[in-house]
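The values are calculated or read from the model by the stated rules, or taken from the named source; none is laboratory data. Everything quoted here is computed from the prediction, not taken from an experiment. Here the Cβ positions follow ideal geometry from the backbone for every residue, glycine too, while neighbour counts run over all protein chains shown. Please note that ligands, DNA and RNA were not included when accessible areas were found on the heavy atoms of the full protein model with its side chains. Shrake-Rupley method; radii C 1.70, N 1.55, O 1.52, S 1.80 Å.
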Amino acid sequence: MISVILKKFLLTASLFCLSTTLSLAQINVKNLRLPANSNQISHYYHQTPYGIKLLNQYSTPTQKVTEQETEIEILGSIFGNNHLNLTDQYFEIGGFQHQDYLYKLIIYNTYGESDTPLLNILLTSYDHQGKLRAALLLDSQYSYEDVSSFNKFKINRDFTIDITQYVTYYYNDKYEYGDERGVIKNPVAKVYLKQKYQIKNGYFQLIQSKSYD
(Lines give C-alpha, C1' and ligand atoms only; values in the text may rest on other atoms or scores of the structure.)
Protein backbone atom coordinates (compact mmCIF):
# COMPACT_ATOMS: atom_id res chain seq x y z
CA MET A 1 0.00 0.00 0.00
CA ILE A 2 2.79 2.39 0.96
CA SER A 3 4.71 1.64 -2.23
CA VAL A 4 1.61 2.42 -4.35
CA ILE A 5 1.12 5.74 -2.57
CA LEU A 6 4.82 6.54 -2.99
CA LYS A 7 4.67 5.80 -6.71
CA LYS A 8 1.64 8.05 -7.11
CA PHE A 9 3.41 10.81 -5.19
CA LEU A 10 6.55 10.57 -7.34
CA LEU A 11 4.47 10.57 -10.52
CA THR A 12 2.55 13.64 -9.37
CA ALA A 13 5.77 15.43 -8.41
CA SER A 14 7.32 14.58 -11.77
CA LEU A 15 4.31 15.89 -13.67
CA PHE A 16 4.35 19.04 -11.56
CA CYS A 17 8.01 19.69 -12.38
CA LEU A 18 7.37 19.18 -16.07
CA SER A 19 4.36 21.45 -16.02
CA THR A 20 6.30 24.22 -14.29
CA THR A 21 9.32 24.05 -16.58
CA LEU A 22 9.67 27.33 -18.46
CA SER A 23 9.27 27.07 -22.22
CA LEU A 24 10.84 29.19 -24.92
CA ALA A 25 7.39 30.39 -25.95
CA GLN A 26 6.58 31.55 -22.41
CA ILE A 27 9.56 33.90 -22.30
CA ASN A 28 9.48 34.76 -26.00
CA VAL A 29 12.91 33.35 -26.88
CA LYS A 30 13.67 32.06 -30.37
CA ASN A 31 14.35 28.33 -30.65
CA LEU A 32 18.05 27.64 -31.18
CA ARG A 33 18.71 24.57 -33.27
CA LEU A 34 21.79 22.54 -32.47
CA PRO A 35 24.52 22.38 -33.52
CA ALA A 36 25.12 26.12 -33.19
CA ASN A 37 28.45 27.87 -33.65
CA SER A 38 30.15 31.25 -33.41
CA ASN A 39 29.90 31.92 -37.16
CA GLN A 40 26.11 32.16 -36.80
CA ILE A 41 26.51 35.03 -34.32
CA SER A 42 28.88 37.29 -36.29
CA HIS A 43 26.09 39.36 -37.88
CA TYR A 44 24.97 40.65 -34.46
CA TYR A 45 28.00 42.93 -33.99
CA HIS A 46 30.58 45.02 -35.84
CA GLN A 47 33.94 46.67 -35.32
CA THR A 48 33.91 50.35 -34.35
CA PRO A 49 36.64 52.85 -33.33
CA TYR A 50 35.51 52.22 -29.75
CA GLY A 51 35.65 48.43 -29.83
CA ILE A 52 33.35 45.66 -31.02
CA LYS A 53 29.73 46.71 -30.52
CA LEU A 54 26.31 45.19 -30.96
CA LEU A 55 24.47 46.53 -33.97
CA ASN A 56 21.82 49.10 -33.09
CA GLN A 57 18.91 46.76 -33.81
CA TYR A 58 20.24 44.31 -31.21
CA SER A 59 21.48 46.80 -28.61
CA THR A 60 18.05 48.39 -28.07
CA PRO A 61 15.70 45.42 -27.31
CA THR A 62 17.77 44.10 -24.42
CA GLN A 63 17.09 42.39 -21.10
CA LYS A 64 18.25 44.03 -17.88
CA VAL A 65 20.37 41.92 -15.54
CA THR A 66 18.60 40.98 -12.30
CA GLU A 67 20.06 40.95 -8.81
CA GLN A 68 19.93 37.14 -8.72
CA GLU A 69 21.84 36.88 -12.00
CA THR A 70 24.73 38.92 -10.60
CA GLU A 71 25.31 36.27 -7.92
CA ILE A 72 26.34 33.53 -10.39
CA GLU A 73 30.03 33.22 -11.31
CA ILE A 74 30.69 33.11 -15.05
CA LEU A 75 32.80 30.10 -16.04
CA GLY A 76 35.53 30.28 -18.65
CA SER A 77 38.53 32.42 -19.58
CA ILE A 78 37.29 35.97 -18.96
CA PHE A 79 39.12 39.29 -19.22
CA GLY A 80 37.69 41.21 -16.30
CA ASN A 81 34.72 40.72 -13.99
CA ASN A 82 33.49 37.11 -13.83
CA HIS A 83 29.96 38.17 -12.86
CA LEU A 84 27.17 39.96 -14.66
CA ASN A 85 26.67 43.55 -13.50
CA LEU A 86 23.37 45.26 -12.78
CA THR A 87 24.38 47.86 -15.36
CA ASP A 88 24.72 45.18 -18.07
CA GLN A 89 21.93 44.59 -20.58
CA TYR A 90 21.89 41.61 -22.92
CA PHE A 91 20.19 40.52 -26.12
CA GLU A 92 18.70 37.01 -26.23
CA ILE A 93 19.82 35.30 -29.45
CA GLY A 94 17.96 32.04 -28.86
CA GLY A 95 17.54 29.09 -26.55
CA PHE A 96 16.85 25.41 -26.13
CA GLN A 97 15.67 23.01 -23.43
CA HIS A 98 17.47 19.99 -22.00
CA GLN A 99 16.79 17.90 -18.87
CA ASP A 100 14.03 20.27 -17.69
CA TYR A 101 16.34 23.28 -17.83
CA LEU A 102 16.14 26.26 -20.14
CA TYR A 103 19.34 27.43 -21.85
CA LYS A 104 19.72 30.84 -23.41
CA LEU A 105 22.42 32.20 -25.71
CA ILE A 106 22.92 35.86 -24.86
CA ILE A 107 25.21 38.63 -26.13
CA TYR A 108 26.12 41.96 -24.55
CA ASN A 109 28.68 44.74 -24.35
CA THR A 110 30.46 45.43 -21.09
CA TYR A 111 33.88 46.49 -19.78
CA GLY A 112 36.85 44.45 -18.60
CA GLU A 113 40.18 45.30 -17.03
CA SER A 114 41.22 48.96 -17.32
CA ASP A 115 37.75 49.74 -18.75
CA THR A 116 38.51 47.73 -21.89
CA PRO A 117 35.36 47.36 -24.07
CA LEU A 118 34.24 43.74 -24.32
CA LEU A 119 31.74 41.86 -26.43
CA ASN A 120 30.66 38.78 -24.47
CA ILE A 121 28.58 35.80 -25.53
CA LEU A 122 27.25 33.56 -22.76
CA LEU A 123 25.30 30.35 -22.54
CA THR A 124 23.10 30.54 -19.45
CA SER A 125 20.89 27.96 -17.75
CA TYR A 126 17.65 28.57 -15.83
CA ASP A 127 15.59 26.34 -13.59
CA HIS A 128 11.79 25.99 -13.70
CA GLN A 129 11.44 29.05 -11.47
CA GLY A 130 13.34 31.20 -13.93
CA LYS A 131 16.43 31.55 -11.73
CA LEU A 132 19.86 31.64 -13.32
CA ARG A 133 21.72 28.46 -12.36
CA ALA A 134 24.98 28.67 -14.34
CA ALA A 135 26.71 30.79 -16.98
CA LEU A 136 29.47 29.82 -19.39
CA LEU A 137 31.53 32.31 -21.40
CA LEU A 138 31.54 31.17 -25.03
CA ASP A 139 33.29 34.22 -26.45
CA SER A 140 34.87 37.44 -25.18
CA GLN A 141 36.26 39.73 -27.83
CA TYR A 142 38.56 42.58 -26.89
CA SER A 143 41.68 44.51 -27.82
CA TYR A 144 43.94 45.79 -25.06
CA GLU A 145 47.23 47.61 -25.75
CA ASP A 146 49.49 44.84 -27.10
CA VAL A 147 47.02 41.95 -27.31
CA SER A 148 43.59 41.04 -28.68
CA SER A 149 41.48 37.92 -28.29
CA PHE A 150 38.40 36.14 -29.58
CA ASN A 151 36.87 32.65 -29.32
CA LYS A 152 35.37 30.14 -31.70
CA PHE A 153 32.75 27.85 -30.21
CA LYS A 154 30.29 25.12 -31.11
CA ILE A 155 27.34 23.78 -29.13
CA ASN A 156 26.93 20.18 -30.30
CA ARG A 157 23.85 17.99 -30.59
CA ASP A 158 25.16 15.74 -27.81
CA PHE A 159 25.10 18.80 -25.49
CA THR A 160 28.86 19.21 -25.38
CA ILE A 161 30.51 22.55 -26.09
CA ASP A 162 33.85 23.12 -27.84
CA ILE A 163 35.61 26.44 -27.22
CA THR A 164 38.87 27.57 -28.82
CA GLN A 165 40.45 30.84 -27.68
CA TYR A 166 42.68 32.77 -30.10
CA VAL A 167 45.15 35.45 -29.05
CA THR A 168 47.04 37.94 -31.23
CA TYR A 169 50.17 39.60 -29.88
CA TYR A 170 51.31 42.92 -31.41
CA TYR A 171 54.47 43.50 -29.39
CA ASN A 172 57.43 41.35 -28.45
CA ASP A 173 57.50 41.08 -24.66
CA LYS A 174 61.28 41.61 -24.70
CA TYR A 175 60.57 45.31 -25.20
CA GLU A 176 58.46 47.77 -23.28
CA TYR A 177 55.06 48.62 -24.68
CA GLY A 178 55.38 51.51 -27.14
CA ASP A 179 58.97 50.72 -28.13
CA GLU A 180 58.93 50.49 -31.94
CA ARG A 181 61.57 47.75 -31.85
CA GLY A 182 59.01 45.48 -30.23
CA VAL A 183 56.34 45.86 -32.89
CA ILE A 184 55.52 42.47 -34.45
CA LYS A 185 55.15 42.65 -38.22
CA ASN A 186 52.14 40.85 -39.68
CA PRO A 187 50.75 39.56 -36.35
CA VAL A 188 48.52 36.49 -36.59
CA ALA A 189 45.95 34.98 -34.25
CA LYS A 190 47.20 31.82 -32.56
CA VAL A 191 45.41 29.16 -30.56
CA TYR A 192 45.82 29.90 -26.87
CA LEU A 193 43.37 27.54 -25.16
CA LYS A 194 41.04 24.68 -26.10
CA GLN A 195 38.27 23.50 -23.78
CA LYS A 196 35.34 21.13 -23.90
CA TYR A 197 32.32 21.28 -21.59
CA GLN A 198 29.42 18.92 -20.96
CA ILE A 199 25.93 20.30 -20.29
CA LYS A 200 24.37 18.33 -17.45
CA ASN A 201 21.50 19.10 -15.07
CA GLY A 202 21.70 22.83 -15.56
CA TYR A 203 25.48 23.04 -15.16
CA PHE A 204 28.54 23.17 -17.42
CA GLN A 205 31.19 20.60 -16.56
CA LEU A 206 34.73 21.07 -17.88
CA ILE A 207 35.80 17.72 -19.31
CA GLN A 208 38.84 18.69 -21.41
CA SER A 209 41.31 21.59 -21.34
CA LYS A 210 44.59 22.21 -23.15
CA SER A 211 46.64 25.41 -23.25
CA TYR A 212 49.17 26.35 -25.94
CA ASP A 213 52.30 28.51 -25.78
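Rounded to the nearest 20 debye, the dipole size of the stretch 63-213 about its Cα centre is 740 debye, using +1 on the Cβ of Lys and Arg and -1 on the Cβ of Asp and Glu. When a 1.4 Å probe is rolled over the protein heavy atoms, the share of accessible surface on the chain that falls to carbon and sulfur comes to 50 percent. Note on the chain: semi-axes of the ellipsoid equivalent to its C-alpha gyration tensor, largest first and rounded to whole Å, are 39, 19, 14.
For the chain, modelled as a GNM whose springs connect Cα atoms under 10 angstrom apart, the maximal fluctuation among 61, 49, 187 occurs at 49. Bridging of residue 152 to aspartates and glutamates at a Cα separation below 14 Å is possible for 139, 162, once same-chain residues fewer than 8 apart are set aside. Three semi-axes describe the equivalent ellipsoid of the stretch 76-143; taken as square roots of 5 times the Cα gyration tensor eigenvalues and ordered largest first, they are 23, 11, 10 Å. Bridges between two residues of the chain, per DSSP, are antiparallel at a rate of about 95%. For the chain, the solvent-accessible area with a 1.4 angstrom probe is 60 square angstrom per residue. Select from the stretch 65-167 those chymotrypsin sites (Phe, Trp or Tyr not before Pro) which occupy a DSSP coil region and have at most 16 other Cβ atoms within 10 Å, ordered by residue number. When the chymotrypsin sites (Phe, Trp or Tyr not before Pro) of the stretch 65-167 are filtered for loop state and at most 16 Cβ neighbours within 10 Å, 159 remain. Annotation: lysines with alpha-carbon distance below 16 angstrom to residue 30 (same-chain offsets under eight excluded): 104. Between 153, 81, 191, the Cα set farthest toward the positive side of the dipole of the chain (charges on each charged residue's Cβ, about the Cα centre) is that of 153.
Computed 3J(HN,Hα) for the stretch 66-77, one whole-Hz value per residue from the Karplus formula 6.51 cos²θ - 1.76 cosθ + 1.60 where θ = phi - 60°, is 8, 4, 5, 5, 6, 7, 8, 6, 7, 7, x, 7, glycine and proline marked x. Between residue 85 and residue 181, the FRET efficiency estimated from the beta carbon spacing at R0 = 41 angstrom works out to 0.55.
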